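Notes follow once the structure below has been shown.
The values are calculated or read from the model by the stated rules, or taken from the named source; none is laboratory data. Note that this is a predicted model, so its numbers are computed, not measured. Cβ coordinates were reconstructed from backbone atoms using ideal geometry, including for glycine residues, and neighbour counts include every protein chain displayed.
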Amino acid sequence: MAVFDTGPGIVGLYEKKRDFLNYYIDDKFEYYGLYKRDTVNKRLDELMPIFKRKEKIYVLDFDAINYFKEDGRAIYGKKAIREKLKDKKILCLCSKLTESEKTLNEFTDFHVDYFSVPLLINACNDQIADEIIEKICHEVFQDFDYKDYDLIFLASSGLHLKREFFENYFGVEVYSNTDAVLEEYEYKKENYVRDFFYTTFSKMGFYSRAEKYLRDRGILKDRELLNVSNLRVKK
């Protein structure tokens, strides 16, 4: 079993399910929504040998879904999202790539509006204080009426890290792709002694942000560390 993402949003699953998994973070390309589809697909082609022997791949980068959707091992919350979005008018906060591909339309026949929020995604990934996130939201949404929606979908595992903030700020039901993956999560016991995180870029850059999130919530105890290593990607 493997968990895959492109940034610290991956710990949104880790905080709920500490089950001795391998977590793969392609932080060299954090995050895929900043790139075009052909670039994302080419990068994922390079990474696929990592998952060769995996029976399940939990995909948390929403912009990786269109690549993984034909892979029977991939779990990205498909059934859960379809059920949650049924009969609802939805505002999707997302990357530029999700906005251009209208990815959420694959999960519902009902109305979806897309709002690209790259600055918010970066701020959430970097664990910026809620007070600063609020100022960003005031500026981004100052001329936008979001009260008319039944549900706000966070199409980013990074945005999920500030899920409670968004619930309070919008006053509308909030649901994320991480929520959907957690609903479909099933664990098969494997022969590991603890969770391992593998990054393609900066061990320290990933750890510092992931650690802050987990320590703020009491998930990491005193002197407890994440086991983070560099992942070598063959060219």
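Of these, I128, I219, I136, I132, which one is aliphatic (A, V, I, L, M) and within 28 Å of A74 (Cα to Cα)? Steps first, answer last, please.
Numbers: I128 fails: within 28 Å of A74 (Cα to Cα); I136 fails: within 28 Å of A74 (Cα to Cα); I132 fails: within 28 Å of A74 (Cα to Cα).
The unique qualifying residue is I219.
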Item to check | Members of segment 165-185 found to be farther than 14 Å from K17 by Cβ, out of contact with any helix residue (DSSP H, G or I) (no Cβ under 6 Å at 6 or more places or on another chain) and not aromatic (F, W, Y), listed by number | outcome: E167, N168, G171, V172, E173
Checklist entry - Name the residues in segment 139-156 that are in a strand (DSSP E or B) and of a type in the set (V, I, T), would you? => result I152
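Working carefully through the options G205, G171, find the one that is of a type in the set (G, A, S) and outside the structural domain of L13 (by TED's automatic domain parsing).
Working: G205 fails: outside the structural domain of L13 (by TED's automatic domain parsing).
Checking each option against the conditions leaves just G171.
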Item to check | Enumeration of residues in segment 11-51 that are touching a helix residue (DSSP H, G or I) at 6+ places or on another chain (Cβ under 7 Å), under 17 Å from S229 (Cβ atoms) and of a type in the set (F, W, Y) | outcome: Y23, Y24
Checklist entry - Here is a list of conditions, (1) out of contact with any strand residue (DSSP E or B) (no Cβ under 9 Å at 6 or more places or on another chain); (2) β-branched (V, I, T); (3) at pLDDT 95 or above, and V181 meets all of them except one; can you say which number that is? => result (1)
Checklist entry - in contact with a Phe, Trp or Tyr (Cβ under 6 Å, 6 or more places away or on another chain), among the polar types (S, T, N, Q) and outside the structural domain of R217 (by TED's automatic domain parsing) - does that describe any residue in segment 115-135? => result yes
Next on the checklist: Being more than 14 Å from the chain's Cα centre (by Cα) and either free of Cβ contacts under 8 Å to residues at least 24 places away in the same chain or within 20 Å of G33 (Cβ to Cβ) (or both): is that true of K86 here?
Outcome noted: no
Item to check | Every pair of residues 6+ apart whose Cβ atoms lie under 6 Å, when the first sits in segment 146-171 and is under 20 Å from D87 (Cα atoms) while the second is surrounded by fewer than 16 Cβ atoms within 10 Å (Cβ to Cβ) and among the basic types (K, R) | outcome: Y149/K89; D150/K89
Item to check | Residue selected from segment 186-235 under the condition buried (at least 16 other Cβ atoms within 10 Å of the Cβ) and free of Cβ contacts under 8 Å to residues at least 60 places away in the same chain, by the criterion nearest to K16 (Cα to Cα) | outcome: L220
